[in-house]
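Colleague: Submitted below is the structure of interest, expressed as structure tokens.
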Amino acid sequence: MINKYITDGGNLREIDEYLNGAWISLISPSPEECLEITRTYGIDISDVRAALDQEESSRIDTEEDYIVVLFDIPSTEIRHKQQAYTTIPLGIIWTSSVIITICSAPTQVLDYFIKNHVRGFSTKKQVKFCYQILLRTCLLYQADLRIIDKKRIEIEEKIRKTTDESDIVMLHELESNLVYFDTSLRANRLVLERISRYSSIKKYPEDRDLLEDVIVENQQAIEMAQIYRDIMRGTRELMSSLLDSKLNNVMKTLASITILMAIPTIVSGLYGMNVNSKGMPLAESPWGFGIICVLILIICITIALVLKKRKML
């Protein structure tokens, strides 16, 4: 799908034709739409299709008539019947007349501009617009990282009471999300460093300040991802320790019950042996059975108190 926008008087409006100073947005474009863009602006078809490849790495290329910036942005998908976070490529191509964005799926990064929520936003300032998209990407990373950490806190509060398989799977998914984010943010940092070094990109004073803000926010997102990964690792170790502790408690309880059940079994086994009854204590007494049962009960209670004192029961 191709959408064309242009800003007039600080407001964004959609247009039907290709104008100078316009923003061309390609969301999951068809091969025919990709060819239309390449023919209109003389762009290599591989540069347009690069952003549609999920495995494409972040990079920046400077061509004779245009510049290609490719970086990863946060996105959501359904994994194991639950919402999970991942990253997808977003391509930005700017020429002397227009700026083109290519993405394989709708994204909040571009929706923020389409809804006109950015101050000082102009489609005619391609370099500044690109930096604003990068800044919005960094802020979205930080927002998603906070949501991931909030979910981790909910799991941590839950495992203090009970732990099931769904919590373990969810924790693994959150940790995988952090790995995706951390890898993509580091790749984006390399792109930002190259942009700051490229002399072929015109940098106005306000654009330099904006680029510095992008670099700072991206670094902050990287540090947040690292901190949350460390905390997530600690939560996983806590969950493992709690599961081991619960297993130990179950084993101790079962061992204590086995000891208590062994006492009546041993006594009844001795009295059930095929020997002369005259040699068995209380064998001739009419109250022998009751006395033996009382003695067994006393022994069991005594051992149970000892086990409880040792916190084994």
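Colleague: Please give the FRET efficiency for ARG79 paired with ILE231, using the beta carbon to beta carbon distance and R0 = 30 Å, rounded to the nearest 0.05.
Modeller: Efficiency at R0 = 30 Å is approximately 0.90.
Colleague: Sequence-distant or interchain residues sharing an amide H contact under 5 Å with SER104, placed H: which?
Modeller: Close amide H contacts, sequence-distant or interchain: SER28.
Colleague: What ranking, highest mean first, results for peptides 10-21, 58-69, 110-121 when packing means the other Cβ atoms within 10 Å averaged over each residue?
Modeller: 58-69, 110-121, 10-21
Colleague: While we're looking at this one, here's another question. Karplus couplings for the stretch 259-273 from phi (6.51 cos²θ - 1.76 cosθ + 1.60, θ = phi - 60°), rounded to Hz, Gly and Pro as x?
Modeller: Computed from phi, the couplings for the stretch 259-273 are 5, 5, 6, 6, 5, x, 5, 5, 5, 5, x, 5, 6, x, 6 Hz.
Colleague: Hey, what do the phi angles of the stretch 21-26 turn into as Karplus ³J(HN,Hα) couplings, whole Hz, using 6.51/-1.76/1.60 and θ = phi - 60°, x for Gly and Pro?
Modeller: x, 8, 10, 9, 10, 10
Colleague: Specify the residue with the greatest mean-square fluctuation among SER96, SER285, SER166, computed from a Gaussian network of the chain linking alpha-carbon atoms under 10 Å apart.
Modeller: Taking springs between Cα atoms under 10 Å, the residue moving most is SER285.
Colleague: Going by amide H atoms built from the backbone, whose H comes under 5 Å of the H on THR87, apart from near neighbours?
Modeller: HN-HN under 5 Å from THR87: SER75.
Colleague: Quick one: accessible surface of SER97, probe radius 1.4 Å, all protein chains present, in square angstrom to the nearest 10.
Modeller: Solvent-accessible area, nearest 10 Å²: 30 Å².
Colleague: Count the net charge of all other residues whose Cβ sits under 12 Å from the Cβ of THR95, scoring Lys and Arg as +1 and Asp and Glu as -1.
Modeller: Residues close to THR95 contribute a combined charge of -4.
Colleague: Looking at the square roots a ≥ b ≥ c of the eigenvalues of the Cα gyration tensor of the chain, which shape do they give, rounded for a/c under 1.5, prolate if a/b is larger than b/c, or oblate?
Modeller: Note, shape of the chain comes out prolate.
Colleague: Just want the answer: with Cβ charges of +1 for Lys and Arg and -1 for Asp and Glu, which residue in THR253, SER240, ILE222 is farthest toward the dipole's positive end in the stretch 217-262?
Modeller: Most positive-ward Cα: THR253.
Colleague: Taking only Cα atoms and a 10 Å spring cutoff, compute GNM fluctuations for the chain and point out the largest among GLY234, GLY290, GLY42.
Modeller: GLY290
The values are calculated or read from the model by the stated rules, or taken from the named source; none is laboratory data. All values reported here derive from a predicted model rather than from experimental measurement. A quick note on method: Cβ atoms are made from the backbone with ideal geometry, for glycine too, and the neighbour counts reach across all protein chains shown. With ligands, DNA and RNA removed, areas are computed over all heavy atoms of the protein, side chains included. Shrake-Rupley method; radii C 1.70, N 1.55, O 1.52, S 1.80 Å.
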